[in-house]
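Asks: Sharing a structure here in structure tokens format.
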Protein chains: 2
Amino acid sequence: MALIVQKYGGSSVRTTDHIKRVAGRIKDTVTEGNSVVVVVSAMGDTTDELIEMAGQITNKPSAREMDMLVTTGEQVSVALLSMALQEIGIDSISLTGGQAGIRTEAVHGKARILDIQPDRIHRELKDGKVVVVAGFQGVTDDGEIATLGRGGSDTTAVALAAAIQADVCEIYTDVEGVYTTDPRVVPHARKINEISYDEMLELANLGAVVLHPRAVECAKQYNIPLRVRSSFTKNPGTLVKEEAEMEQGMIVRGIAHDLNVAKVALVGVPHRKNSLQLVFKKLAAENINVDIIVQSIVHNEVSDISFTVSVDDLDKACDVLNGVKEELNASEIVCEEGLAKVSIVGAGMISNPGVAAQMFDALTEAGIGIKMVSTSEIKVSCVIDASQVHDAVKALHTSFGLDALDTVTVAK
Amino acid sequence: MALIVQKYGGSSVRTTDHIKRVAGRIKDTVTEGNSVVVVVSAMGDTTDELIEMAGQITNKPSAREMDMLVTTGEQVSVALLSMALQEIGIDSISLTGGQAGIRTEAVHGKARILDIQPDRIHRELKDGKVVVVAGFQGVTDDGEIATLGRGGSDTTAVALAAAIQADVCEIYTDVEGVYTTDPRVVPHARKINEISYDEMLELANLGAVVLHPRAVECAKQYNIPLRVRSSFTKNPGTLVKEEAEMEQGMIVRGIAHDLNVAKVALVGVPHRKNSLQLVFKKLAAENINVDIIVQSIVHNEVSDISFTVSVDDLDKACDVLNGVKEELNASEIVCEEGLAKVSIVGAGMISNPGVAAQMFDALTEAGIGIKMVSTSEIKVSCVIDASQVHDAVKALHTSFGLDALDTVTVAK
């Protein structure tokens, strides 16, 4: 007897047969006595097909008209899923984002949800209906249709769960849950039973793409338990919540890696009060996201400043630095590709001072050179050569006791 | 310098290339100094494809969810057409039915427009934009999406033209306009330059499917001139208005035929005050549309009642009659298929008493037997054998001087 929000992604509804299967799954949840609100993405490749049609007409479509176009994908899904529920005897109603009371900023393509007025949803739930809501969309105060951008359907589901004070928000996907690391790299990676919001956020930001960081942030803000699980099995998946139990003797929850890393270094910058400020202000003005920053003092009067950016931003970042090289009186600018970032994540490491040291040990033992290091309270990241990233993940997975055999789950 | 509503049907926007062509056409109208509101249908077979998907899920979809589903078709068209206009430098905005202020009855699948609040359209026009409105749809007072049923996009266009007091409503189609008769039957059928609302209504109701009768009714009610023209040529097409000029010496404007005709007869019904009432009340209760009705008195005490229905309704109509046969004390019920209706239409016939006689003459000369006759002020219809319908149309086209060679237009 709970109030449950379920979110099904595009791969879970990619054909009408898939939609029927999802309807059966929802029916099971209803039959167990729960009230259910469902959030659905567009079927399979629908969004890409719509974008392709727009591309046949223009290569610079207005964001407003793109929103008008692509939101039809979710509208089709909700109507068909609602029909499939009714066909198997479950009373239901589909709602567009606007009908569901999802109010967004007056921005197109990447609007944030301002608030949700859940009156209509409450009314339909009270009538005993399953409410099927189009993900990824809302309306502005002017009645314009706006999309939420990447990860939008996850965010819709979590925001709805917060607005109606749901007991849990279930995110259905095509994997069994969140893994200790990418199962394609470490085949004996284990499914994690519980993980905290903060750990999940670090993993999500570090390239574990099961959940979008915005959705995790929203769940953390409103303290909505998230359950990531497979739409193809009945397994419980991974529970994401405020305080997650650590398994016996574990310090690290999971290991992430990211190949979209490039490094830029300003070498031999004479000391000046505002040199760091100058560099990063110019980068921000160009919308370049900087990740790890290291300033190393070479001798008393000169230091090296290096930082990482995504590979796409490398050329732009080098241009920016060449523009300030003279002003800073730097001796050289070095740009480097072919790098990767490997990270260990775990709330337990705050109280375990030796964790970073253990990480460096494990990498060194495996013959992997560390180029940069960055730490936070629940994360340590190292930049290494891209060619060694799989070896690094395997070494760390073993070193931190994550591949214990008794709980091995075979990844799909 | 006029305010023009243009409506483009599904065949005019069936690919992105077609959409670009339509955008070019709209640009021409704008460049001539006009303000333009455009109504668009779904692309080509989109609506059928959506209905087919629903059919894979259920064979009794709720009308509400069907409306949610199929209205996405028009939403895709308006977004793409608006992008195509912007791409060629024409400022434009797409609107759903709801955003355009089209308010409908709280009925799904065949709602009627209650009113249109054109504030948004006026605002966008004032900003110098072409306003592209999704046809066939509106919203109810509860914010539900409702479709208008058959001919819906034509009706949207005419209703919008009325609401914004447009100077003319142009209906773009894949033929050159309204013809004196079906060019597939009479290859030298001529395009009509002008026709009155009433004549157009008769022709539309009689199977000339260029315009939907509801749209013509609406245009008549608000006195909006309609222009039916081809989206592939620059020809002026056919103007539909209150008082249409008759060409020199013409009495008949056009000839229609309909093969969807079946006849039912109650034979030997003894006179009773309420026998007609009884029969047609029962038929109405079964939602059977009756067209021509003839009551012929056989002798003082007994009459035959016969009427036509559409072929689809024949079985149901026979069932109804068999149910009342005893009560009416009728001697026999005869159901007949394989019939057709041929009609001459023209406002001029009111003042020309010999028109019906000329029609019977022409048919008889051509060896065609007349089974039933029905007349109105601007129309005479005869029911004949379906096998003779083409001969009948040709004979009447010649007899009423419609195939004069000096104005021959070749039909597409």
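The values are calculated or read from the model by the stated rules, or taken from the named source; none is laboratory data. As the structure is a computational prediction, the values presented were derived from the model and not from experiment. Please note: Cβ atoms are built from the backbone with ideal geometry, for glycine as well, and neighbour counts cover all protein chains shown. In case anyone asks, the SASA skips ligands and DNA or RNA and just uses the protein heavy atoms, side chains included. Shrake-Rupley method; radii C 1.70, N 1.55, O 1.52, S 1.80 Å.
Asks: How many percent of DSSP beta bridges within chain B run antiparallel, rounded to 5?
Replies: DSSP beta bridges in chain B are roughly 65 percent antiparallel.
Asks: For residue B:331 and residue B:398, what is the calculated FRET efficiency with R₀ set at 35 Å and r taken between the beta-carbons, to the nearest 0.05?
Replies: Efficiency, from the Cβ-Cβ distance: 0.25.
Asks: What figure in square angstrom, to the nearest 10, would you give for the accessible area of residue B:314 with a 1.4 Å probe?
Replies: Probe radius 1.4 Å; accessible area of residue B:314 about 10 Å².
Asks: For the protein assembly as shown, which whole percent of the accessible surface, found with a 1.4 angstrom probe, sits on carbon and sulfur atoms?
Replies: Carbon with sulfur: 48 percent of the solvent-accessible area.
Asks: Using Cα positions and a limit of under 17 Å, work out the lysines in reach of residue B:394, with same-chain residues fewer than 8 apart set aside.
Replies: B:191, B:341
Asks: Then there is this: So what's the net charge close to residue A:141: Lys and Arg +1, Asp and Glu -1, counting the other residues with Cβ under 10 Å from its Cβ?
Replies: -2
Asks: Using a probe radius of 1.4 Å on protein heavy atoms only, what is the accessible area buried between chains A and B, both sides summed, to the nearest 100 Å²?
Replies: 3200 Å²
Asks: Restricting things to alpha carbons, find the Rg to Rh ratio for the range A:234-345 using the Kirkwood radius for Rh.
Replies: That ratio is 1.15, to two decimals.
Asks: Which entries of A:316/B:20; A:20/B:110; A:316/A:379; A:110/B:20 have Cα-Cα distances beyond 32 Å here?
Replies: Over 32 Å Cα-Cα: A:316/B:20.
Asks: If you don't mind, another one. Over chain A, what is the relative contact order in percent, taking alpha-carbon pairs closer than 8 angstrom and at least six residues apart?
Replies: Answer for chain A is 14 percent.
Asks: Could you tell me which of rounded, prolate or oblate describes the range A:53-120, using a ≥ b ≥ c as the square roots of the eigenvalues of the alpha-carbon gyration tensor, with rounded for a/c under 1.5 and, failing that, prolate when a/b is larger than b/c and oblate otherwise?
Replies: oblate
Asks: Just in the range A:168-229: which trypsin sites (Lys or Arg not before Pro) are loop by DSSP and have at most 10 other Cβ atoms within 10 Å?
Replies: Sparse-neighbourhood loop trypsin sites (Lys or Arg not before Pro): A:184.
Asks: Please give, to one decimal in nm, the separation of the simple spin-label points placed at residue A:260 and residue A:375, each 7 Å out from Cα toward the Cβ.
Replies: About 2.8 nm separates the two model spin labels.
Asks: Between residue B:271 and residue B:63, how many nm apart are label points set 7 Å from Cα along the C-beta direction?
Replies: So the label points at residue B:271 and residue B:63 sit 4.4 nm apart.
Asks: Counting only DSSP beta bridges with both residues in the protein assembly as shown, what percent are antiparallel, rounded to the nearest 5?
Replies: Expressed as a percentage, antiparallel bridges in the protein assembly as shown total about 65.
Asks: Most mobile of A:290, A:130, A:380 per a Gaussian network model of chain A (Cα springs, under 10 Å)?
Replies: Of A:290, A:130, A:380, the most mobile in the Gaussian network model is A:290.
Asks: Going by the alpha-carbon gyration tensor, a ≥ b ≥ c the square roots of its eigenvalues, is the range A:3-173 rounded (a/c under 1.5) or, if a/c is not under 1.5, prolate (a/b greater than b/c) versus oblate?
Replies: Because a/c hits 1.5 or more and a/b fails to exceed b/c, the range A:3-173 counts as oblate.
Asks: I've got another one for you. Taking amide H atoms as placed 1.01 Å from N in the peptide plane, list the residues 5 or more away in sequence, or in a different chain, whose amide H sits under 5 Å from that of residue A:132.
Replies: A:38, A:93, A:94, A:95
Asks: Per-residue mean of other chain beta-carbon atoms within 10 angstrom of the beta-carbon, peptide A:15-22?
Replies: Other-chain Cβ atoms within 10 Å of each residue's Cβ, averaged: 2.
Asks: How many Å² of accessible area per residue for the range A:255-406, probe 1.4 Å?
Replies: 49 Å²
Asks: Also, I was wondering about something else. Residue by residue through the range B:225-238, what is 3J(HN,Hα) from phi via Karplus (6.51 cos²θ - 1.76 cosθ + 1.60, θ = phi - 60°)? Round to whole Hz and write x for glycine and proline.
Replies: With coefficients 6.51, -1.76 and 1.60, one gets x, 10, 10, 9, 8, 7, 7, 9, 10, 9, 5, x, x, 10 Hz.
Asks: What are the semi-axes of the equivalent ellipsoid of chain A, taken as the square roots of 5 times the eigenvalues of the Cα gyration tensor, listed largest first and rounded to whole Å?
Replies: One finds semi-axes of 41, 28, 18 Å for chain A.
Asks: At a threshold of 8 angstrom on Cα-Cα distance, excluding pairs fewer than six apart, so keeping six or more, what relative contact order does the range B:255-406 reach in percent?
Replies: Worked out over the range B:255-406, it gives 29 percent.
Asks: In addition: Translational diffusion coefficient of the range B:104-204 at 20 °C, 1.002 mPa s, Stokes-Einstein with Kirkwood Rh over Cα pairs, in µm²/s as a whole number.
Replies: 135 µm²/s
Asks: Gaussian network model of chain B, Cα springs within a sub-10 Å range: biggest mean-square fluctuation belongs to which of B:137, B:75, B:277?
Replies: Result: B:277 has the largest fluctuation of those listed.
Asks: Counting other Cβ atoms within 10 Å of each Cβ, which GluC sites (Glu not before Pro) in the range A:327-390 have at most 12 and sit in a DSSP loop?
Replies: Hits after loop and neighbour filter: A:377.
Asks: Give me log10 I(q)/I(0) at q = 0.06, 0.08 Å⁻¹ for the protein assembly as shown, Debye formula, one equal scatterer per alpha-carbon, no solvent.
Replies: With one equal scatterer per Cα and no solvent, log10 I(q)/I(0) is -0.56, -0.84.
Asks: To the nearest whole number, what is the average tally of beta carbon atoms from other chains within 10 Å of the beta carbons of peptide B:50-56?
Replies: Across B:50-56, the average partner-chain Cβ count within 10 Å equals 4.
Asks: While we're on this one: Counting pairs of alpha carbon atoms under 8 Å apart in space and at least six apart in sequence, what relative contact order in percent does the range A:280-331 give?
Replies: 31 percent
Asks: What Kirkwood Rh does the range B:173-217 have if only Cα atoms enter the pairwise 1/r average? Answer in Å.
Replies: Averaging 1/r across every pair of different Cα atoms and inverting gives 10.8 Å.
Asks: Considering only DSSP states other than H, G, I, E and B, which GluC sites (Glu not before Pro) in the range B:32-102 qualify as loop sites with at most 11 other Cβ atoms within 10 Å?
Replies: B:32
Asks: Also: At what distance in nm do the modelled label points of residue B:1 and residue A:365 sit from each other, each positioned 7 Å from its Cα along Cα→Cβ?
Replies: Each label point is offset 7 Å from its Cα along the Cβ direction, giving 8.7 nm.
Asks: Grab the beta carbon distance between residue B:299 and residue A:123, set R0 = 60 Å, and tell me the FRET efficiency rounded to 0.05.
Replies: Working from the Cβ atoms, E equals 0.35.
Asks: Moving on. Which one of B:93, B:80, B:122 is farthest out on the positive end of the charge dipole of the range B:14-151, using unit charges on Cβ (Lys, Arg +1; Asp, Glu -1) and the Cα centre as origin?
Replies: Result: B:122.
Asks: Output the DSSP H helices from chain A with an along-axis C-alpha extent of no less than 27 Å and a mean Kyte-Doolittle hydropathy no less than 0.0.
Replies: Span-like helices in chain A: A:63-87.
Asks: Evaluate peptide A:139-148: per residue, the Cβ atoms of other protein chains within 10 Å of its Cβ; return the mean as an integer.
Replies: 2
Asks: Under 19 Å Cα to Cα from residue A:27, which aspartates and glutamates show up? Leave out anything in the same chain fewer than 8 places away.
Replies: Residue A:27 reaches A:17, A:87, A:91, A:124, A:127, A:167, A:170, B:65.
Asks: Give me Rg over Rh for the range B:291-412, both radii from the alpha carbons and Rh done the Kirkwood way, two decimal places.
Replies: 1.06
Asks: A follow-up question, please. Pick from B:394, B:263, B:234: which is most flexible by mean-square fluctuation in a GNM of chain B where alpha carbon atoms under 10 Å apart are linked?
Replies: Of B:394, B:263, B:234, the Gaussian network model singles out B:234 as fluctuating most.
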